[in-house]
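Written out below as structure tokens is the structure these notes cover.
The values are calculated or read from the model by the stated rules, or taken from the named source; none is laboratory data. Given the structure is predicted, the values throughout are model-derived calculations rather than measurements. Cβ placement follows ideal geometry from the backbone for every residue including glycine, while neighbour counts extend to all protein chains displayed. Quick note on the areas: whole protein, heavy atoms, side chains included, nothing else; ligands and nucleic acids left out. Shrake-Rupley method; radii C 1.70, N 1.55, O 1.52, S 1.80 Å.
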Amino acid sequence: MQDTLLLGSEGIKKTILHGGTGDIPKFITGATFHFRTQLCDAERTVIDDSKVVGTPMEIVIGNMFKLDIWETLLSSMRIGEVAEFWCDTTHTGVYPLVSKSMRHIAEGKDPADWHIHTCGMANMFAYHSLGYDDLDELMKEPKPLYFVLELLKVQQPSEYNRESWALSDEERLKAVPVLHGQGNKLYKQGRYQEATQKYKEAIICIKNVQAKERAWEVLWLKLEKMANTLTLNYCQCLLRMEEYYEVIEHTSDIINQHPGVMKAFYLRGKAHVEVWNEAEARQDFSRVLDLDPSMKKTVKKELAVLNMRMEEKNQEDRNKYKGMF
């Protein structure tokens, strides 16, 4: 049986593939269902399929899941119903982040794990690379998607154990200052690796909320500033952990988007010093002084370190090539 209709929300088209039984449940707690996500291309390319994984999806209804539109879709279905929903980009922009979490769960990983690889310039935060090429493409260029859902059952509150990652936006934003404070405390204790985890968790919360906002508008910019602050704290930990190229990568990302962030230039300059990028370090420290002349004394010390590092490097090179010619 097929029946095509528009739901109350704009940008959604529903086609019933198999009718369910009974009335549409008036549930407000949870749902268990299978899903298949497909591109709107000629091949109807499958992105995710819970039946392939072998485990149905469970969510809490009521603003506790990252992809809010699924609550709307499920609320229109009967138990046992299979329906196809076409959703435009208004509703699908955050899907890559949701898909990443679901894939991590299926792979037995922590859904909040950033899976950072410390391999120099290839390092990127999860909100720059999600670790899956198809999701990266969707993140860069959101597209309409088809969701084929099969509603298996609905649940009462006592039947559902909430996943720790399935938070509302309000809960995520409340968690940010707590995680930020925990990260700062760990940093002061010299527990840099643990501090990075707190900062990353906080950035995940911010980016999940930010993905739903229009880029460069007031709330988006506020969240961007919060994320940049945490990213720079993360970079301070990386400096202590001697992950210099990763510091250069992340600070450059911030500078490219926000060229007035003094701390980004300062941390990048320090990283350049450690890998003997003399010209780049001097350029960054010069920019620090342009943005904040009160940093003159600090920059003077950093330039002294740079001079010492370059002298050590030059002497090392002289010793290395001595007698070769």
Selection from the range 237-270 of residues within 25 Å of Gln182 (Cβ to Cβ) and among the aliphatic types (A, V, I, L, M) yields Leu238, Leu239, Met241, Val247, Ile254, Val261, Ala264, Leu267
Evaluate the range 259-268: report whether one residue or more is more than 30 Å from Glu316 (Cα to Cα), among the hydrophobic types (A, V, I, L, M, F, W, C) and outside the structural domain of Lys297 (by the TED database). no
Taking the range 1-60 only, how many residues are open to solvent by 60 Å² or more (accessible area, probe 1.4 Å) and at pLDDT below 90? 16
